[in-house]
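Worksheet: the structure to be examined is printed underneath.
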Amino acid sequence: MPGSAQPTSFPKSDIKILLLENVHQSAHEIFRHEGFQIEAIGGALSEDELVAKLESGVHLLGIRSKTRVTERALAAGKRLLSIGAFCIGTNQIDLEAAKVRGVPVFNAPFSNTRSVAELVIGEIVMLSRQLGDRSREVHEGKWRKIATNSFEVRGKTLGIIGYGHIGSQVGVLAEAMGMRVISYDIRPTLPMGNNKSVNSLEALLRTSDFVTLHVPETPQTKNMMGESELGKMKEGACLLNLSRGTVVDVEALAQAIKNKKLGGAALDVYPEEPEKNSDDFKSILRGLPNLVLTPHIGGSTSEAQEAIGREVANVLARFTNTGATTGAVNFPAVDLPMAEGAHRVLNVHRNVPGVLRDILKLVSDRNANVIAQQLATDPTIGYLIMDLDKEVAGDVRNAIAVLDTSIRTRMLF
Ligand code: NAI
């Protein structure tokens, strides 16, 4: 358990964590082990409810995707140290407003990597055997026992676009089924197993029997699979998109399926997705043959939920205990190893010239020595972790806290 043996400036049992939206029990266990006070609420809170809770003195807030953390809520959270988003996306949080108040936000971007990779493998086989269509027909009472356009995946070429966490896992699993794997990425990557990287998107599209997308949503990836790219794919090849909805031009895809340029496709993400499970899904893709459509469930497994619980709880505990911000989505990354016997001061400040000079003067005025320090900045804020050799750290903390450049100052021990 990270930092669990380390004392904080106030007893851990005084640290209050509010967990909303059924955050997984794996997180509760970690916070219980830390000795934090846990309040758990099953659903999301409205802005007014969240404001009231944060005003009551919450130190750590854990949410999933449905609780909106607005600037008003953040302003109410005078004691708030950090927010954990127990999910992948962080759009529900006003990240900038959190940052300028000195509140780092953590999420779990990679806890569901394996879940997505496994679904991709399952869907490659589904597309190869037209399983979606056959299954639907049998449900409807139709018996179409046919071998036309059904293939083994062994020996076929899988082209992976975006060879990051998910893409590289897909490549390893696909090879185990006897597929030949090639990948294309904009950055140099280290191919796993016998995977081979190719140096152009076109080379990948022209030689792959299956093309699977694992890129982030960026201006460069918007509609990166449009009419022209689909046109470069092999006749009868299949496309899979379990990355982001904006990556594929769905009108062009629908056309490519209708005119049989492509043999099929599997999509888990869409340019527009229903907000709630009760909302209708509207798309020109509905009803087309050998088109496997899933409701953005690529990462939705029990294992992923448990891993997300552990990952985010660990980084929140680590931040509380050591000040480390590695992996925070809105904050400069600072992660200073703990020095034996040191007294640690954490300071978030406005990024203007002279702040470090002012802080070091306060330290030397008190005859204290800096054992180690680490500073990182972004255009708006700076974040400093400083280890002092003397018990004066509390005094230094108080002096730093009243500097008009300081946003938030905390002492650990
Ligand atoms: P990652 O950041 O580990 O990998 C993305 C890779 O894409 C990187 O290697 C990057 O260099 C590459 N890339 C970026 N722009 C590119 C371009 N224009 N052309 C080629 N390569 C490019 O991300 P990770 O974790 O593998 O996730 C991939 C995607 O899957 C993300 O969009 C993520 O949002 C999505 N995702 C979807 C889930 C679902 O439920 N369907 C669940 C989890 C992630």
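The values are calculated or read from the model by the stated rules, or taken from the named source; none is laboratory data. Only a predicted model underlies this, so the values are computations on that prediction, with no experimental measurement involved. When we count neighbours, we look across all protein chains shown, and the Cβ atoms used for this are built from the backbone with ideal geometry, even at glycine. Keep in mind that these areas ignore ligands, DNA and RNA; they rest on the heavy atoms of the full protein, side chains included. Shrake-Rupley method; radii C 1.70, N 1.55, O 1.52, S 1.80 Å.
At a glance:
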quantity	calculated
Count of residues meeting criterion [part of a helix (DSSP H, G or I) and under 18 Å from the mean Cα position of the chain (by Cα)] in segment 213-228	0
Any hit, segment 200-212, residues being modelled with pLDDT under 95 and either surrounded by fewer than 16 Cβ atoms within 10 Å (Cβ to Cβ) or in contact with an Asp or Glu (Cβ under 8 Å, 6 or more places away or on another chain) (or both)	no
Segment 87-115, residues that are over 16 Å from SER65 (Cα atoms) and polar (S, T, N, Q)	THR113, SER115
Residue list for segment 251-299, restricted to those being β-branched (Val, Ile, Thr) and within 14 Å of the ligand (Cβ to nearest atom)	VAL269, VAL292, THR294, ILE297
Residue that is nearest to the ligand (Cβ to nearest atom) [pool: residues in segment 308-327 that are among the aliphatic types (A, V, I, L, M) and open to solvent by less than 20 Å² (accessible area, probe 1.4 Å)]	ILE308
Residue that is within 14 Å of the ligand (Cβ to nearest atom) and either modelled with pLDDT of 95 or more or basic (Lys, Arg) (or both), where the choices are GLY132, GLY167, GLY155	GLY167
Hey, ARG244 within 13 Å of the ligand (Cβ to nearest atom) and open to solvent by 50 Å² or more (accessible area, probe 1.4 Å) or not	yes
Flag if ALA237 is away from the ligand (no atom under 14 Å from the Cβ) and within 21 Å of LEU201 (Cα to Cα)	yes
